[in-house]
Amino acid sequence: MTALTSIRLSEDKIEIINQLLLPHTTEWLEIDTVEQAHDAIKTMKIRGAPAIASLAALTFSQHLSRALRAAPPPAFLSSPTELQGHVTPILDFLYTSRPTAVNLGNATRRLTRTLQAGLDAGKDAREIAEALVKDGKEVAEEDVGRNREMAKWGGEWLIEEVKKAGGDGQNLNVLTVCNTGSLATSGYGTALGLITYLHETGKLDRAYYAQTAPYHQGSRLTALELKTLKIPSTMIVDTMIGSLFQHHKIHGIAVGADRIARNGDTANKIGTYQAAVLAARHKIPFIVVAPITTVDVDIVDGSSIPIEHRPPLEATLVRGALYPPSVDAQGNKAQAVVQITPDDLDGIYNPSFDVTPAELITAIVTEKGVAVKGGDGRFDLAGVV
């Protein structure tokens, strides 16, 4: 199976697939500056907490790599203090592109720690810059391996849970929300990685996925990934989750996360909370799959997680291919953006994320293992971070 990818690298070139145009048009955009990376993240040309952290770190590394090769070298490489004064505002700027996604903050803080370690060790500006370049690249490189680890942990845990409930652990049906596959990460995926693992090991019957309005990451991106991987799947609109649970045997719900608080409260794409409420009603295991970089131990609970609100206009618009299709000379379908609401509505509520309380979550999976609630009904995440 050949997975899709969100970022591709060649020598000094960084390109991202424009996810706003998928699944009908595959357009690769070159990201040549920090400002372009910020815009791509902010406008959701690239999305998914791990993927945006990777792009930010790679672009930061590219910026410093070019400076190290420049002749004459830029002034900010003249001293460690000058370097610090140059890169700190860049890292702060990149963080502002999507503040809910803790992976991005972790990446910028990691690079800040590398900078400070070099300063404390008395290294010169070039040595510190080289260390920052190396660390930035590692942010992206580490993602694929840990995704495979958490997919296996979560998949095996779900199989055992089904067996404990009297099933045979075969022909599992799993629902997911939003897009958490290779397009949202540096490869393989988190929650969609769990589904992929079950498919690869012959344990999956069918994947179900919600459209995830208003950006439709499910029906545009998850649909494309599952089709590419040839995984049997069924799309539902967001309001059909309750009906699905009433009329079909669903063995588990697997979702990703943009931030997990210390107590297990989890921020994820809007619509996750309602899926968790319905899962609890139907006694279906609800699994959060995310790397340890998504766990924010500095936040006690979900009430302190910042929730990004997107521009109200976005909730009134839908982008897609014209139907019947119109194809250009390159084989691309013509696309359009249409408004589905009256003009000038008085109020539009458009949060990009919601917070699922820990009490509704059955398990939290990272690359370190699976955390479940203890006898006191609380998560202890110490063993998985």
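Within region 88-156, report the chymotrypsin sites (Phe, Trp or Tyr not before Pro) that DSSP leaves as loop and that have at most 11 other Cβ atoms within 10 Å. Here no chymotrypsin sites (Phe, Trp or Tyr not before Pro) fit, given the DSSP loop and packing criteria. Between region 320-339 and region 362-385, what's the alpha-carbon centroid distance in Å? Between the Cα centres of region 320-339 and region 362-385 lies a distance of 46 Å.
Each of Arg109 and Arg378 was given a label point 7 Å from its Cα along the Cα-to-Cβ line. The distance between the two points is 2.1 nm.
Loop-only trypsin sites (Lys or Arg not before Pro) in region 188-236, please: DSSP not H, G, I, E or B, and at most 11 other Cβ atoms within 10 Å. Taking region 188-236 and a limit of 11 other Cβ atoms within 10 Å, the loop trypsin sites (Lys or Arg not before Pro) found are Lys230. Pairs exceeding a 30 Å alpha-carbon distance, out of Lys137/Lys333; Lys42/Lys283; Lys45/Lys163; Lys203/Lys283: Lys137/Lys333; Lys42/Lys283; Lys45/Lys163. Our coupling estimate for region 344-349, obtained by passing each phi through the Karplus curve with A = 6.51, B = -1.76, C = 1.60 and θ = phi - 60°, is 6, 5, 5, x, 9, 9 Hz, Gly and Pro reported as x. Counting Lys and Arg as +1 and Asp and Glu as -1 over every other residue whose Cβ lies under 14 Å from the Cβ of Val144, the net charge comes to -1.
For the chain, the spherically averaged projection of the C-alpha convex hull amounts to 21.6 nm².
Inter-label distance, Asp12 to Leu29: 2.3 nm, where each label sits 7 Å from its Cα along the C-beta direction. For region 256-285 versus region 92-144, the inter-centroid distance based on Cα atoms is 30 Å. A full extension of the chain between Ala213 and Arg281 corresponds to an added length of 22.2 nm, given 0.36 nm per residue minus the alpha carbon distance.
Sparse packing (at most 15 other Cβ atoms within 10 Å of the Cβ) combined with a DSSP loop state is found for the following trypsin sites (Lys or Arg not before Pro) in region 284-385: Arg378. Among residues other than Ile250 with Cβ under 15 Å from its Cβ, the summed charge is +3 (Lys and Arg +1, Asp and Glu -1). Against the empirical 2.2 N^0.38 Å (N residues), region 7-142 has a Cα radius of gyration ratio of 1.05.
List the residue ranges in the chain for DSSP H helices whose C-alpha atoms run 24 angstrom or more along the long axis and whose Kyte-Doolittle average is -0.5 or above.
What comes out of the filter, once short or polar helices are dropped, is 49-69, 102-120.
Every read-out reported here was derived from the displayed coordinates using simple, explicitly stated rules and does not represent laboratory data. The structure presented is a predicted model; accordingly, all values stated were derived computationally and were not measured. Virtual Cβ from ideal backbone geometry, glycine too; neighbours counted across all protein chains shown.
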